[in-house]
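Worksheet: the structure to be examined is printed underneath.
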Amino acid sequence: MAAALRAQDAEAERAARDRVHTAKVALGERGTPWWDQGETERRARWSEGLAALDEGTDGG
């Protein structure tokens, strides 16, 4: 994200922020807290988050 900010590239900054958001949701930092979910739900959230990041379908 720092590179996008330095380059003043709004599109790249948005993409970086979307990736950070996807990662934080997958880790349970945003949305339903990880401690409020069972193991199966947590694993599904992690898997979906990783898949979205790998595929580049993390929002935006």
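What follows draws every value from the coordinates through simple rules; no lab data is involved. What you see is a predicted model, and the numbers here were worked out from it, not measured in a lab. Neighbour counts run over all protein chains shown; Cβ positions are idealised from the backbone, glycine included.
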For a quick check, take a GNM of the chain with Cα springs below 10 Å and name the residue from Glu13, Glu48, Glu39 with the largest mean-square fluctuation. Glu39
Which one, [x] 43, 25, 17; [y] 42, 20, 14; [z] 35, 31, 16, gives Cα extents along the principal axes in Å as derived from the coordinates shown? [y]
With each label point set 7 Å from Cα along the Cα-Cβ vector, what nm distance links Ala51 and Arg30? 2.0 nm
Hey, what angle do you get for helix 10-27 against the long axis of the chain, alpha-carbon based, 0 to 90 degrees rounded to 10? 10 degrees
